[in-house]
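Accompanying notes for the structure given below.
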Amino acid sequence: MAATRTFSIIKPDATRRNLTGAVTAKLEEAGLRVVASKRIQMTREQAEGFYGVHRERPFFNDLVSFMISGPVVVQVLEGENAVLRNREIMGATNPSDAADGTIRKLFAESIEANSVHGSDSDENAAIEIAYFFTPEELVG
Ligand code: ATP
Ligand code: MG
């Protein structure tokens with residue numbers, strides 16, 4: 001099966017605790033390859049646009065404030081079934097529901113400060129990659 005791509009964010013709770021390498025190691029151990037990566041400080045407008053689907057949810061404003069509370073690392077990951085593989089290694093949204101060995105079980109602080117984002121479909125992966133990266137930044 002051909003390799004596909006997904007989009008990942010190492011969230012501010014993880015960058016704050018110096019876990020960029022530890023999280024990335026879990027992704028690589030899961031068979032995913034980091035084909036693009038950059039550390040950025042998101043603006044409020046960028047975070048609101050990124051999480052636009054959640055605009056009506058009660059946690060939206062808190063989530064946006066959390067996502068701009070410190071730097072994040074945005075990444076493009078490549079591998080077989082990349083979207084699903086990444087969701088598996090991330091674990092459930094709420095760390096108390098996450099399976100042993102997953103990134104969120106190991107590192108997440110709360111349902112909000114849950115260390116990583118991962119795209120939930122191939123279609124959204126393409127949209128999210130294009131939101132943060134130019135084609136020239138995807139060097140493989
Ligand atoms: P992500 O989209 O970040 O990969 P997810 O797909 O597991 O996570 P979503 O339902 O898309 O979860 O929610 C997006 C993010 O919003 C979550 O990762 C979490 O940071 C936050 N969030 C979700 N549900 C809640 C909640 N009930 N209370 C507070 N924050 C929440
Ligand atoms: Mg999601």
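The values are calculated or read from the model by the stated rules, or taken from the named source; none is laboratory data. This structure is a prediction, so every number in the text was calculated from the model and none was measured. A quick note on method: Cβ atoms are made from the backbone with ideal geometry, for glycine too, and the neighbour counts reach across all protein chains shown. Heavy atoms of the whole protein, side chains included, go into the accessibility calculation; ligands, DNA and RNA do not. Shrake-Rupley method; radii C 1.70, N 1.55, O 1.52, S 1.80 Å.
Comparing E78, E112, E29 in a Gaussian network model of the chain, where Cα atoms under 10 Å apart are tied by springs, the biggest mean-square fluctuation is seen for E29. Give me the distance between the Cα centres of segment 13-67 and segment 75-140, rounded to whole Å. Here the two parts' Cα centres lie 9 Å apart. Placing a pseudo-label 7 Å from each Cα along the Cα-to-Cβ vector at E109 and Y131 gives an inter-label distance of 2.2 nm.
Adding -39500 (n - 2.57) for every DSSP H run of four residues or longer, then dividing by how many residues the chain holds, sets the calculated 222 nm ellipticity at -10500 deg cm²/dmol. Note on the chain: with a GNM built from Cα contacts shorter than 10 Å, the maximum mean-square fluctuation among A82, A113, A99 falls on A99.
Could you check how much of the accessible area of the chain is carbon and sulfur, as a whole percent, using a 1.4 Å probe?
Working: 3540 of 7120 Å².
After summing per-atom areas, the C and S share lands at 50 percent.
Keeping all protein chains in place, calculate the accessible area per residue for the chain (probe 1.4 angstrom), answer in Å². Before the final figure, lay out the partial values.
Numbers: 7120 Å² over 140 residues.
About 51 Å² of surface per residue is accessible.
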